[in-house]
1. Say whether the condition of being touching a Pro at 6+ places or on another chain (Cβ under 6 Å), crowded, with 19+ Cβ neighbours inside 10 Å and more than 18 Å from residue A:83 (Cβ to Cβ) is met by at least one residue in the range A:209-224.
2. In this structure, is residue B:246 assigned to a loop (DSSP other than H, G, I, E, B), open to solvent by 10 Å² or more (accessible area, probe 1.4 Å), touching a residue at least 24 places away in the same chain (Cβ under 8 Å) and out of contact with any His (no Cβ under 9 Å at 6 or more places or on another chain)?
3. Looking at the structure I just gave you, is residue A:308 closer than 18 Å to residue A:293 by Cβ, at pLDDT 95 or above and either within 26 Å of the chain's Cα centre (by Cα) or facing another protein chain (nearest Cβ under 7 Å) (or both)?
4. Would you list the strands (runs of 3 or more DSSP E) that sit entirely within the range A:316-364 and hold 2 or more residues that are farther than 15 Å from residue A:17 by Cα and either within 7 Å of chain B (Cβ to nearest Cβ) or open to solvent by less than 10 Å² (accessible area, probe 1.4 Å) (or both)?
5. If only one of A:155, A:160 is under 15 Å from the mean Cα position of the chain (by Cα), surrounded by fewer than 24 Cβ atoms within 10 Å (Cβ to Cβ) and over 16 Å from residue A:268 (Cα atoms), which one is it?
6. Of all residues being among the small types (Gly, Ala, Ser) and more than 17 Å from residue A:352 (Cα to Cα) in the range B:273-299, which is surrounded by the fewest Cβ atoms within 10 Å (Cβ to Cβ)? Just the residue, please.
7. Here are the criteria: (1) more than 14 Å from every other protein chain (Cβ to nearest Cβ); (2) free of Cβ contacts under 8 Å to residues at least 40 places away in the same chain. Tell me which single one residue A:264 does not satisfy.
8. If I go through the range A:47-103 residue by residue, how many of them are without any contact (Cβ under 8 Å) to a residue 60 or more places away in the chain, surrounded by 21 or more Cβ atoms within 10 Å (Cβ to Cβ) and under 24 Å from residue A:126 (Cα atoms)?
Protein chains: 2
Amino acid sequence: MSDIFFLILAGGAGTRFWPASRASRPKQLLPLSGAEPLILETARRVLPLALGWGNILVASGRHLVEPTSRILPDLPKENLLVEPVARNTAPCIGWAVSTVLRRNPNAILVVLPSDHHIGDPDGFRKALRDAIASAERGAITTIGISPTHAETGFGYIEVGDTIEGAPARAVVRFVEKPNRERAEEFVASGRFLWNAGMFIFRARDMLRAIEQHLPALAQGMAAIDLAAAKGAEEEAVSKIFPTLPAVSIDKGVIEHTSGLAVVPGYFGWSDVGSWQSAWELGEKDAAKNTSPKGAILVEAYGNHVVDLRSPDPGPKKRVIALVGVSDLVVVETDDALLIVPRERAQDVREVVDRLKKRGDEDLT
Amino acid sequence: MSDIFFLILAGGAGTRFWPASRASRPKQLLPLSGAEPLILETARRVLPLALGWGNILVASGRHLVEPTSRILPDLPKENLLVEPVARNTAPCIGWAVSTVLRRNPNAILVVLPSDHHIGDPDGFRKALRDAIASAERGAITTIGISPTHAETGFGYIEVGDTIEGAPARAVVRFVEKPNRERAEEFVASGRFLWNAGMFIFRARDMLRAIEQHLPALAQGMAAIDLAAAKGAEEEAVSKIFPTLPAVSIDKGVIEHTSGLAVVPGYFGWSDVGSWQSAWELGEKDAAKNTSPKGAILVEAYGNHVVDLRSPDPGPKKRVIALVGVSDLVVVETDDALLIVPRERAQDVREVVDRLKKRGDEDLT
């Protein structure tokens, strides 16, 4: 068995992909950038390094167990870490650290979001291999994304000198989401990368860091470990998890840790943050439309058309027809239709808010 | 029983209201200007003059018998004239003339399209009463619509002097759809009305006119009459109808007839010619949107949103959400979604053409 374990964080909710995304069908379960759900693409992307599904863990919430398992049928049941309540990333990563250490004391853990797109998987795996090499030398390592624009929606990582003998560079500091001006300075300086929430470390190094910076979490992990030894892990998690500090691993542990390393990434990364980015990533026709098979587009340009309705049980056909419209997002589900200009795609939140306000939570 | 009979012409097809309208669900069966299908509004509008459903005839095609009867449950079965094939309006009006003459030799017949909207039904009935009074004096009479713009899609009627003692004016001539320039001249002159296909006459006067100008039709009518006397009308119609001259009553008979009269109409008439006119007639919110109950419109202006999907059998809700879009037509049916700018609403024909070309006749 390989020493390399993966933890795919798949507890996310989010309203930016309404009506495709719902509380019960969050972004990572949707095929937003290609034919497969993002979480399945994420897992398949790392399978060559994990050497099989046995080394892939997925953390998610109770209400997502069923759809997540359906999308990942090869994931061993015991590798699905079901968080009884959402407590941000530190408790869940701590639990995964304990889990892999029980299986392999030399475990290296690669923590990845489940809902990002990567255009160049080979380049991504190359960066992961470098990050793993860095982690093997004892550094908690992250992969920082080379910024393509002055984004104010991401945190940044300031990069220091190359680390002697390692394919990584030192981390000077993590920086919160900047304002526009600072973001522009960061990008112009060439010394900043985007924090994409990817962390690579020896499990024992992270355990030590948690013990030092988040002792309450370390205690909880120890209690869960103890229960697991008696075959009562699930019960212990139910009881202990809600009491653990709800903090991100970045803020709770990593930013307090010294000797951090970062591997710069250039592999066509996207956080698939809105329908606009789904369109950017999608396969487009000559008129820059993405559209389902059979759609009829007459003098229609730059539209992002998504049909997520259930297949009709009968032989009945269906068609979506756009005539003379441009740069729209059009999304059909069984119970909703959304039409919004691509450049206003972020405003779907307003629809979700209104639905909640009027008591239509079942549509959100 | 009243002497006044109505013939509602309901054989029309048409593609301008795709995807709402289909070969099997033409425009007159749709609630395009209000809550009820246009044909039902048409029938209800004349009920006070017909003195009940017994004096209302509806002419339609075989494939429309079922949906038409469902929409008009009070129409006596024997008052539905089922044309075995479409042969334009003359044969069908001839058949209706024979039918009402058998019931009442003094019958006056009012021929009306089934798919128009009338904003002021009282004004309309007043015009009808005038036209009936004119017909009672032996004139084949039409109601001409006072034009509101230089429309090139309608035929025109040139109006002559007031007819002494009758609430009508003489017809100088019928004019085919004019080009833009002539249409502007017509409207500027004040002497032209739109031909809306409404004809009012004593049945015996029309019989005489048909005998004179369309003898082949008169022979067919006589043969059908003969068969009807033996209780074999349906069989005779099946055999004879396809042989009758396929011509409009305007061109085949009326335009060759002298002593025609016209009553000018000012009653908020619309031929409901496209989604654009359906929007014009529809009930709009403060932002000039027409939309189904429960739709969510955020900074959306002037949209015409139509939801014609079957009611969901379950308790499931559905929502249509428009954010930041203006002046669109959005139509949802069970098997199609159309999005087109209001001002390009006529271009839905292109969609129907493409569907036919690729073999999807069942969607047209």
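The values are calculated or read from the model by the stated rules, or taken from the named source; none is laboratory data. Keep in mind it's a predicted model, so treat the numbers as computed, not measured. Note that each Cβ is placed from the backbone with ideal geometry, even for glycine, and that neighbours are counted across all protein chains shown. Note: accessible area is taken over every heavy atom of the protein model, side chains too, but ligands, DNA and RNA are not part of it. Shrake-Rupley method; radii C 1.70, N 1.55, O 1.52, S 1.80 Å.
1. No; the residues of the range A:209-224 include none that is touching a Pro at 6+ places or on another chain (Cβ under 6 Å), crowded, with 19+ Cβ neighbours inside 10 Å and more than 18 Å from residue A:83 (Cβ to Cβ).
2. So residue B:246 fits the description; yes.
3. no
4. In the range A:316-364, the matching strands (runs of 3 or more DSSP E) lie at A:319-323.
5. One residue alone meets the criteria, A:155.
6. This residue is B:286.
7. Condition (2) is where residue A:264 drops out.
8. Going through the range A:47-103 one residue at a time, the tally reaches 4.
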